[in-house]
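Asker: Please see the structure below; I have some questions.
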DNA sequence: TTGTATGCGTTATCAG
DNA sequence: CTGATAACGCATACAA
């Protein structure tokens, strides 16, 4: 039965008009049925049939223009290749997808101009909200953050009490946990391979490291401190520089990528890990468990932080009038082969040995979990088996 | 000077009307100036001033509704955590951003229903095009692919000559390169840890492995073949199963994640790499260089494939009438410590030793590149230094 | 319940 | 060059 020409969109695809015409009703009725509100049984039948016949799919853009919401949420991180952000991203994605939205990922490269530009561009209304994990923060940056045209949640440390939703960890205490562990296992010449000091995490971890050593009565040898980028290659290079002038018996690295670089530098220099040098990373990414020996690492709960950030964002999107909130995820230390045999059990807090504690709860874990998937055969290696932790983080807080 | 009430959008933000009113011109003039087309010097000045004063930012949604394009491009991959996809993503992002567009990343988990749902949802016009790297392909899937409402480019092998833009590699030849290398270095009991056989890459690599062995006159011992997921944990578990029943002197893994799992299983079982067992991965991700010993790996040019896919997509968006195109990126083998001392030099093609060759060009490379970043000190380790390759790929083709 | 008409914010068309 | 006006595709007061 050859119909007349049905109205359709410019590119030939059916619109509400097409469906309405075909069903012999008004576009209002068609729209209502399509949205499941109202409509007589007969109308519903006709419209549904017409929609199916022409293969109608609502135009999301037109719908967004009307509803003032796109169903998109953005995430801006420094380096999409850092496994810590992958973990965070996964956690966020789960929450976001659960709310029927989609995630738009931006890589900022840590460049602050990129981030502010991104924040300003938010004004174009293309996303309903944004989660951002900046590693450098300026006043300008902060200003753009507070008067963002759309809801923004920050993952990471934010100076003062900026009126912005924000979920952080205490990486200073994270560093303290690692130092405590290393000291408790007899290490004294503890080195530190950090990221750039002009980043928030770099600065905080540097301060935390110095404070932790001081609490244990250890004089810091500046030769034992080196700085690079939060990356594998930089970590390796920095460690090589450090090894050229000092002989640490332990190395703390500001994230796992650096730690992997350090491991290579150490092995290349003929140092055994952990016999000669104990190695501890930060973020507790899956990379830590993939190395051999597996790396001890300070978990900064990145997955958890991502999850919470996503929840805060969704809440704020639902109710923009909410007061600014701030959540904190505590760090914990996961001990693996790279820093000595697993401790027999988590030490109780306030261990007399640890001197003036930061007040840290018993946030130390050994990691004996078996690999995910089919149960492994009992052939256990010399240093333990790979666990199946979630979580991680690269440079934030 | 207290203005009257200026027209503004529902949420209180300025629109063209706001600017126009403030500048004392029509919205048409305002729009023209804002878009840099036409306008007298005086009008231009007034409009620009007004726009700046009220902080006008064009609403991207309204603009999209009008222009029929969103400036968004989607990428759908199985596992966003697989470094091979990270590499691909980076390459794509570069091209896409270069065209002023943004990238929307989807993780499909390899579930085919997810992908088809995604394809159908494309009809809602929220993205201008999509790059998809499916690891499983059904007829239904393929159908959704060919009559997609928006341009789609497929990264990976596509059955027959589906009329869809598609950039692939020859992972069958990739496998052949690896086998040739292992045979040439004296290995005979070559095992294979593969991904699921119901995936395209899994099936192709399995066939390729069998064919390669046959070409070298080696009878395949089925005990030397094991299958798991394209993941670290599954790779380790699969290797453990394999080792429990067979004694390979070499192991080829279907991707680098599996290879890392295999490395752990091997070391845990007390086998030395490469002395007892040579190990070769696929995808040549950065993970391969991060391991110790560094892993030999078959590069499938994932970054290059991503780059090309992005270019194909942009071309098709610009001109939908283009005929379907198909590009191919050749694989190459990067030899590192895990499969024996680096070969002295690339072997010429048609090496009499290699028997009936696949016709592969000299796609073998040793990888002596120094680490990126600051020059490393000369302290070179026992097995070589980490290179700085781009590229990678996890399960496609 | 149904249809008409209007608005969402921009851009494009077409007179003036 | 400028301004009124009509799309873009959808949703929704409002009146019937």
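Asker: Run down B:85, B:56 and say which single residue is within 11 Å of DNA strand C (Cβ to nearest atom) and either surrounded by 22 or more Cβ atoms within 10 Å (Cβ to Cβ) or more than 21 Å from residue A:82 (Cα to Cα) (or both).
Answerer: Numbers: B:85 fails: within 11 Å of DNA strand C (Cβ to nearest atom).
Being within 11 Å of DNA strand C (Cβ to nearest atom) and either surrounded by 22 or more Cβ atoms within 10 Å (Cβ to Cβ) or more than 21 Å from residue A:82 (Cα to Cα) (or both) holds for just one of B:85, B:56, which is B:56.
Asker: Tell me the residue from A:76, A:97, A:30 that is within 16 Å of DNA strand D (Cβ to nearest atom) and either in contact (Cβ under 8 Å) with a residue 60 or more places away in the chain or not in a loop (DSSP other than H, G, I, E, B) (or both), please.
Answerer: Working: A:76 fails: within 16 Å of DNA strand D (Cβ to nearest atom); A:97 fails: within 16 Å of DNA strand D (Cβ to nearest atom).
Of the residues listed, the single one that is within 16 Å of DNA strand D (Cβ to nearest atom) and either in contact (Cβ under 8 Å) with a residue 60 or more places away in the chain or not in a loop (DSSP other than H, G, I, E, B) (or both) is A:30.
Asker: Can you tell me which residue within segment A:264-286, out of those that are assigned to a helix (DSSP H, G or I) and more than 23 Å from residue A:135 (Cβ to Cβ), is nearest to the other protein chains (Cβ to nearest Cβ)? Walk me through it before giving the result.
Answerer: Applying the first criterion (assigned to a helix (DSSP H, G or I)) to segment A:264-286 yields A:264-268, A:286.
Next, from what is left, pick out any that are more than 23 Å from residue A:135 (Cβ to Cβ): A:264-268.
Working: A:264: 6, A:265: 8, A:266: 9, A:267: 6, A:268: 3 Å.
Ranking the qualifying residues of segment A:264-286, first place goes to A:268.
Asker: Quick test for you: out of B:75, B:65, pick the one residue that is surrounded by 15 or more Cβ atoms within 10 Å (Cβ to Cβ) and over 30 Å from residue A:79 (Cα atoms). Outline the logic, then answer.
Answerer: Details: B:75 fails: over 30 Å from residue A:79 (Cα atoms).
Just one listed residue meets the conditions, B:65.
Asker: Follow-up question, since we're still on this one. For segment A:58-84, give me the residue count where each residue is in contact with a strand residue (DSSP E or B) (Cβ under 8 Å, 6 or more places away or on another chain) and either closer than 30 Å to residue A:6 by Cβ or more than 10 Å from chain B (Cβ to nearest Cβ) (or both).
Answerer: First, the residues of segment A:58-84 that are in contact with a strand residue (DSSP E or B) (Cβ under 8 Å, 6 or more places away or on another chain): A:71-80.
Those left that are additionally either closer than 30 Å to residue A:6 by Cβ or more than 10 Å from chain B (Cβ to nearest Cβ) (or both): A:71, A:73, A:76-78.
Final tally of qualifying residues: 5.
Asker: Among the residues of segment A:228-236, are any more than 24 Å from residue A:77 (Cα to Cα) and modelled with pLDDT of 95 or more? Show your work before the answer.
Answerer: The initial filter retains those residues of segment A:228-236 that are more than 24 Å from residue A:77 (Cα to Cα), namely none.
No; the residues of segment A:228-236 include none that is more than 24 Å from residue A:77 (Cα to Cα) and modelled with pLDDT of 95 or more.
Asker: With the requirement that a residue be surrounded by 15 or more Cβ atoms within 10 Å (Cβ to Cβ) and either modelled with pLDDT of 95 or more or out of contact with any strand residue (DSSP E or B) (no Cβ under 7 Å at 6 or more places or on another chain) (or both), what does segment A:327-344 give you?
Answerer: Step one: filter segment A:327-344 for residues surrounded by 15 or more Cβ atoms within 10 Å (Cβ to Cβ), giving A:327, A:329-340, A:342-343.
Matches in segment A:327-344: A:327, A:329, A:330, A:331, A:332, A:333, A:334, A:335, A:336, A:337, A:338, A:339.
Asker: If I go through segment A:38-53 residue by residue, how many of them are more than 14 Å from chain B (Cβ to nearest Cβ) and more than 9 Å from DNA strand C (Cβ to nearest atom)? Explain how you work it out, then say what you get.
Answerer: First, the residues of segment A:38-53 that are more than 14 Å from chain B (Cβ to nearest Cβ): A:38-50, A:53.
Filter once more, keeping what is more than 9 Å from DNA strand C (Cβ to nearest atom): A:45, A:48-50, A:53.
Final tally of qualifying residues: 5.
Asker: Which condition number in (1) within 14 Å of chain B (Cβ to nearest Cβ); (2) crowded, with 24+ Cβ neighbours inside 10 Å; (3) within 30 Å of residue A:120 (Cβ to Cβ) is the one that residue A:201 fails?
Answerer: With (1) within 14 Å of chain B (Cβ to nearest Cβ); (2) crowded, with 24+ Cβ neighbours inside 10 Å; (3) within 30 Å of residue A:120 (Cβ to Cβ) applied to residue A:201, the lone miss is (1).
Asker: Provide a single number: the residues in segment B:33-56 that are outside any helix (DSSP H, G or I) and either near DNA strand D (Cβ under 8 Å from one of its atoms) or free of Cβ contacts under 8 Å to residues at least 12 places away in the same chain (or both).
Answerer: So the first thing to find is which residues in segment B:33-56 are outside any helix (DSSP H, G or I), and the list is B:35-40, B:55-56.
After this cut, where a residue has to be either near DNA strand D (Cβ under 8 Å from one of its atoms) or free of Cβ contacts under 8 Å to residues at least 12 places away in the same chain (or both) as well, the list is B:35-40.
Here the count works out to 6.
Asker: Determine, yes or no, whether residue A:25 is part of a loop (DSSP other than H, G, I, E, B), near DNA strand D (Cβ under 8 Å from one of its atoms) and either closer than 30 Å to residue A:316 by Cα or not assigned by TED's automatic domain parsing to the domain that holds residue A:233 (or both). Steps first, answer last, please.
Answerer: Working: part of a loop (DSSP other than H, G, I, E, B): yes; near DNA strand D (Cβ under 8 Å from one of its atoms): no; either closer than 30 Å to residue A:316 by Cα or not assigned by TED's automatic domain parsing to the domain that holds residue A:233 (or both): yes.
So residue A:25 fails the test.
Asker: Could you list all residues from segment B:139-154 that are farther than 20 Å from residue B:168 by Cα and part of a helix (DSSP H, G or I)?
Answerer: Matches in segment B:139-154: B:140 only.
Asker: Also: Based on this model, can you work out whether residue A:29 counts as near DNA strand C (Cβ under 6 Å from one of its atoms) and under 18 Å from residue A:6 (Cβ atoms)?
Answerer: Numbers: near DNA strand C (Cβ under 6 Å from one of its atoms): yes; under 18 Å from residue A:6 (Cβ atoms): yes.
Against the criterion (near DNA strand C (Cβ under 6 Å from one of its atoms) and under 18 Å from residue A:6 (Cβ atoms)), residue A:29 qualifies.
Asker: Quick one: how many residues across segment A:100-120 are part of a helix (DSSP H, G or I) and facing another protein chain (nearest Cβ under 8 Å)?
Answerer: Taking segment A:100-120 first, the residues part of a helix (DSSP H, G or I) are A:112-120.
When the remaining residues are screened for being facing another protein chain (nearest Cβ under 8 Å), the result is A:120.
Adding up the residues that qualify gives 1.
Asker: Name, by its number, the condition in (1) in contact with a helix residue (DSSP H, G or I) (Cβ under 6 Å, 6 or more places away or on another chain); (2) away from DNA strand D (no atom under 11 Å from the Cβ) that does not hold for residue B:89.
Answerer: (1)
The values are calculated or read from the model by the stated rules, or taken from the named source; none is laboratory data. Since the model is a prediction, treat every value here as computed from it, not as a measurement. Reconstructed Cβ throughout: ideal geometry from the backbone, glycine too, with neighbour counts over all protein chains shown.
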